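Engineer: I have a structure here, written as structure tokens, and I will follow up with some questions on it.
Only the coordinates and a few stated rules stand behind these numbers; no lab work does. Small disclaimer: the values here were computed from a predicted structure and weren't measured. Positions of Cβ are backbone-derived with ideal geometry, glycine not excepted, and every protein chain shown enters the neighbour counts.
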Ligand code: ES4
Ligand code: ZN
């Protein structure tokens, strides 16, 4: 550690007062530190080793998170549209944007709740028009998370956001699918695509979307339910989900992000989902927690999203650790990383820091990501084994 950094940290330390040490600045960059007594020197040394130890621990945790094999199960591909690509596509497609710079776009990402975010999110998706745009969007996400050691992804897409603007279903899915195929070849990354119905639109519109999807059935693993939650209970879509099930599709739904535990019950009982997206409000209903634990229904939690959308005020107040300790199958995901300030590793890091998660907690969460995935059991087992191997290495080296 540089002495400059140390001094700036020490000046925050309650052990020292301005009278106890003198800091002299030399040439504006380096510092000398004069300590007046031997007890102060001892205290100084103790503080130095404490700071160095906590910095080393932080680095070790960061390295551990980076190296952990991870699965992302809750990612809206339109939510990975970074402002730079948004600008590139707006000029390529000659679509007007109400912003003049990338900085201005980022500055607009201050949300008060889910709806305030969705308004901006749907506007941003307006630059996506051609197959190439959907390819570029998806490829940028896959390249990014490949560098974060994400080995498997299950990606949501919102066809209605595009078909309602006149972009054909085929255009959307072809671009996304091609990128997923390339990532499989180039990175060995596995993936599934999940079609989400927008719950602020009608049951009829959802049926029409499912019909449009059927010619591409082979490219789609499951269906989901997203968009504005409160006022749009899952049971509205019961018949659409039944039809999806008849087509052999898997079923998931957003529930209990802003909506009450009752919506989670409905997602389970009316829609028959095998996974709940978000689900953090389940903790308000102990009977529901019992059911989710017993059936090990996975919850795809998105910590940075929850902070950005004010589901919790601060990460320190997030209930993820309580959920984990209650025996729930909790996973960590990024939701809409371009809007919420972080991809997978940033979500793991911020949660670890806010809730003081142990390496064992982190490994368990990463394992849950694979357990909760739709991968064949033998693939799940091999990912779980690689995480166990990593933990074993850690305990021999640490
Ligand atoms: C979403 Cl965070 C969230 N919740 C519900 N629907 C969504 N679509 C995109 N992000
Ligand atoms: Zn979501």
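Engineer: Listing 194, 332 from the residue with the fewest other Cβ atoms within 10 Å to the one with the most, what is the order? Present the calculation step by step, with values, prior to reporting the outcome.
Structural biologist: On the way: 194 26, 332 29.
In order of increasing Cβ crowding within 10 Å: 194, 332.
Engineer: Could I ask something else about it? Which value, in Å³ per residue, describes the convex hull spanned by the Cα atoms of segment 240-344?
Structural biologist: Numbers: hull volume 11.3 nm³, N = 105.
Per-residue hull volume (Cα only) is 108 Å³.
Engineer: I need 312, 121, 64 ordered by Cβ neighbour count within 10 Å, fewest first.
Structural biologist: Numbers: 312 16, 121 22, 64 19.
The fewest-first ordering by Cβ neighbours comes to 312, 64, 121.
Engineer: State, as an integer percentage, the relative contact order of the chain based on alpha-carbon contacts under 8 Å between residues 6 or more apart.
Structural biologist: Working: 604 pairs, mean separation 63.5, N = 398.
Worked out over the chain, it gives 16 percent.
Engineer: If we count other beta carbons within 10 Å of each Cβ, what is the order of 162, 278, fewest first?
Structural biologist: On the way: 162 22, 278 28.
Result, fewest neighbours first: 162, 278.
Engineer: Sort 123-130, 68-75, 390-397 for me by packing, meaning the mean count of neighbouring Cβ atoms within 10 Å per residue, highest on top. Could the numbers behind the result be given before it?
Structural biologist: Numbers: 123-130: 19.6, 68-75: 26.1, 390-397: 11.8.
Ranking, from highest mean packing down: 68-75, 123-130, 390-397.
Engineer: Compute the distance from the alpha-carbon center of segment 233-270 to that of segment 81-154, in whole Å.
Structural biologist: Taking the Cα centre of segment 81-154 as reference, the centre of segment 233-270 is 27 Å away.
Engineer: Could you pull out which residues in segment 262-282 have an amide N less than 18 Å from a spot 7 Å beyond the Cα of residue 238, following the Cα-Cβ vector?
Structural biologist: The answer is 262-274.
Engineer: Oh, and also: What is the distance in Å between the Cα centres of segment 373-395 and segment 311-355?
Structural biologist: Here the answer is 21 Å between Cα centres.
Engineer: Nearest 500 deg cm²/dmol is fine: what mean residue ellipticity at 222 nm does the chain get from its DSSP H runs of n ≥ 4 alone, each adding -39,500 (n - 2.57), divided by its residue count?
Structural biologist: Details: 18 runs with 206 residues, N = 398.
Per the formula, -16000 deg cm²/dmol.
Engineer: Please state, to two decimals, what the Cα-based radius of gyration of the chain comes to when divided by 2.2 N^0.38 Å (N = residues). Provide the component values of the computation, followed by the final result.
Structural biologist: Working: Rg = 23.8 Å, N = 398, 2.2 N^0.38 = 21.4 Å.
Here the Cα radius of gyration is 1.11 times the empirical estimate.
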